[in-house]
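The values are calculated or read from the model by the stated rules, or taken from the named source; none is laboratory data. Here the structure is a predicted model, which is why all the values come from computation and not from measurement. In this analysis, Cβ positions are derived from the backbone assuming ideal geometry, glycine residues included, and neighbour counts consider all displayed protein chains. Note: areas computed on protein heavy atoms with side chains; ligands, DNA, RNA excluded. Shrake-Rupley method; radii C 1.70, N 1.55, O 1.52, S 1.80 Å.
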Amino acid sequence: MTTGEKIAALRRRAGMSQEALADQLGISRQAVSKWEADQAVPGMDNLVELGRIFGVPVDAILRPDSRLPESESTEPENAAAPVAPLKQPVLTGKIRWFAIAAVLLVLVVALCNLVSLIWIGRLQERVEGLQAQVNAMPERTDTVYIPQSGAQEESALADFDVSYDLQYDPNAQLAEMLHVSIYARPKELHPENETAKFSLQSGSSSWTCGALLGQDNAYSGDTEIPMRDAFSVYLVLTDKESGMVRNILVDHLTGVEDAYTLQFSSRWQTGGITSNWSGTHVSGYLEIQVYSLAPSMRVAPQSAALILRKGDEELERMNVMINATEEELALHMLHEIYLYAEPDWTVREPLEALTVELEIVDDYGRTTVWEID
């Protein structure tokens, strides 16, 4: 058999048409037809591919005296089954942007969920911390009784009194202290089951002192606190078994500092402070009013002086007459006190270099200085 006849026989045995064989070899159908008509001979590359497709040696196709193997099957032994090409999806512009938007949306949702989880975790930690603080706080069952004044029936106290006085020590760290004496007799009293103390409170500051029970079923105590213009006094009764606390308001005091503070005003009834070519003249009749802003005057002048100064230098000094008796001053019976002075000073100094001052020493030993216009 010729080479062309062998190619035709092998093609028919494989059940292939000329077009199918040409497609596998990547050539035209006419080329296959010429081979089978012995009008042309396949090149070596095509011979090798023919041998692979039909599963026969190349020399069996070329040599006329070589017979084709009779055991050849209609299906080429090593022929690869045609594989249908995979269709790739074609992404249009709209589909592409939609896919990108969907991915971004998923990422945003995931990020929001993550932030929410972190925030919820921190919030839960804060709540747990606050709950721990609340649990650590001691249970309070305080009952506050606030009497109005005196010994009224609705008051928790049958009787009470709070007195105080100034303690002045210029050498102490706190020169002005208040000595406070407290007396309180509750309407309900259970001394065998209660402990007692007094608590004094002023703003954010507080002080305590012992409360001693007397034969008249009243508690009393003494203590010292720094000078305060207002403070409250409580009798604190604590039940020994239950721990329940009763804070009974004894008294609320105001204007304390004002009661120990002197105010003044002055006027020249005649004369005054003048200046001319010959110097500065301080002469005339000076009236001074000393008073307290509190309803009762707890401090009074002990001595007074009028002073003419040039800077720290004392140029002139004279005592000032206090228009009150020693008994009135000692008993603090007055709400205001008048002082009088009749200076007659002339100094060869400019007026702007001089000051006229009133110096008062009160009955607690404190010195107060005011400037006279």
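Summary table
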| item | result |
| --- | --- |
| Region 1-17 residues that are more than 20 Å from V48 (Cβ to Cβ), paired with ones that are modelled with pLDDT under 90 and buried (at least 19 other Cβ atoms within 10 Å of the Cβ) (beta carbon under 8 Å, 6 or more apart) | S17/R11 |
| Filter pass, G311 being in contact with a helix residue (DSSP H, G or I) (Cβ under 8 Å, 6 or more places away or on another chain), surrounded by fewer than 18 Cβ atoms within 10 Å (Cβ to Cβ) and not polar (S, T, N, Q) | yes |
| Cβ-Cβ under 6 Å pairs, at least 6 apart or on other chains, region 141-168 side on the phi > 0 side of the Ramachandran plot and surrounded by 13 or more Cβ atoms within 10 Å (Cβ to Cβ), far side modelled with pLDDT of 50 or more and part of a loop (DSSP other than H, G, I, E, B) | none |
| Strands (runs of 3 or more DSSP E) within region 293-373 that include 1 or more residues of a type outside the set (V, I, T) and out of contact with any Phe, Trp or Tyr (no Cβ under 9 Å at 6 or more places or on another chain) | 301-310, 313-319, 336-341, 344-347, 367-372 |
| Check on V236, over 24 Å from T195 (Cβ atoms), surrounded by 14 or more Cβ atoms within 10 Å (Cβ to Cβ) and touching a residue at least 40 places away in the same chain (Cβ under 8 Å) | no |
| Qualifying position, being open to solvent by 80 Å² or more (accessible area, probe 1.4 Å) and closer than 29 Å to V299 by Cα, among S242, S204 | S204 |
| Residue within region 222-237 that is out of contact with any Gly (no Cβ under 9 Å at 6 or more places or on another chain), closer than 26 Å to D362 by Cβ, assigned to a loop (DSSP other than H, G, I, E, B) and not acidic (D, E) present | yes |
